[in-house]
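Step one of this worksheet: look at the structure below.
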Amino acid sequence: LLIVGPGRSGKSSLACALWRAGGALLTDDVTLLDLATAAARPGPRRIALRDGSASLLGDDLWRRITVARSSTPTGEGWCFHPADVDGRAVPRATRVVAVIFLERSGRPALAPAELSPIVPARAVLALLPYLIAQRAIDPGDVIRRVAPLAEHVAAFDLARGPLDAMAAQ
């Protein structure tokens, strides 16, 4: 899953809840994405979580994060490498099968933790602010480059709600 949203929308918390449930955690904040093939590669940084995520992740996982050899405290929480916490190797690449938008501008009102599909054209427009390429390339060209991803990968809005309910969706 590619989880997209503005700062403090819960992207890292949702990703860690999915990780806690058995999913792999590839990267945080920066993903290198091949728009034609939907292949995602991790960005060059550790995962960053705020202290408020401790209660969401549970005491055991939070303790493992804080004692992992690559973990570093920050002013707001911890940075860490997931492989140092769970022992699983981070895949070099994976295929994105869905894009999840948290707090997408202009989305319809949704019930807590409700998942709602987004049509490809709206998904293309919603992805534009998150693409570094959109700053350096003609907007029409960026839309043409993003269109194949939106046509072949499902996109959804996910409303804020209890973290476990969001992860279940």
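What is the number of the single condition among (1) within 25 Å of Leu115 (Cβ to Cβ); (2) among the small types (Gly, Ala, Ser); (3) modelled with pLDDT under 90; (4) touching a helix residue (DSSP H, G or I) at 6+ places or on another chain (Cβ under 7 Å) that Ser70 does not meet? Answer for Ser70: the failing condition is (1). Taking the listed residues Arg63, Arg46, the one that is open to solvent by 80 Å² or more (accessible area, probe 1.4 Å) and either without any contact (Cβ under 8 Å) to a residue 24 or more places away in the chain or more than 28 Å from Pro112 (Cβ to Cβ) (or both) is Arg63, with no other qualifying. Considered as a group, the residues in region 10-23 that are open to solvent by 20 Å² or more (accessible area, probe 1.4 Å) and out of contact with any Asp or Glu (no Cβ under 9 Å at 6 or more places or on another chain) include one that is nearest to Asp59 (Cα to Cα), and that residue is Arg20. Looking across region 4-16, the residues that are among the small types (Gly, Ala, Ser) and assigned to a helix (DSSP H, G or I) come down to Ser12, Ser13, Ala15. Here the condition is being among the hydrophobic types (A, V, I, L, M, F, W, C) and over 22 Å from Cys16 (Cβ atoms); of Ala113, Ala126, Ala165, Ala98, it holds for Ala126 alone. Name the single residue, out of those in region 124-140 being part of a helix (DSSP H, G or I) and more than 26 Å from Ala48 (Cα to Cα), that is most open to solvent (accessible area, probe 1.4 Å). Looking at residues that are part of a helix (DSSP H, G or I) and more than 26 Å from Ala48 (Cα to Cα), I get Leu125.
Could you tell me which residue of region 53-88 is nearest to Leu14 (Cα to Cα), considering only residues that are in contact with a Ser or Thr (Cβ under 8 Å, 6 or more places away or on another chain) and small (Gly, Ala, Ser)? Taking the candidates together, the pick is Ser53.
The requirement of being β-branched (Val, Ile, Thr), in a helix (DSSP H, G or I) and in contact (Cβ under 8 Å) with a residue 40 or more places away in the chain is satisfied by Val146.
The values are calculated or read from the model by the stated rules, or taken from the named source; none is laboratory data. Please read these numbers as outputs of a predicted model, since none were measured by experiment. Virtual Cβ from ideal backbone geometry, glycine too; neighbours counted across all protein chains shown. The protein model used for the area step is the full one, side chains on, heavy atoms only, and it has no ligands, DNA or RNA in it. Shrake-Rupley method; radii C 1.70, N 1.55, O 1.52, S 1.80 Å.
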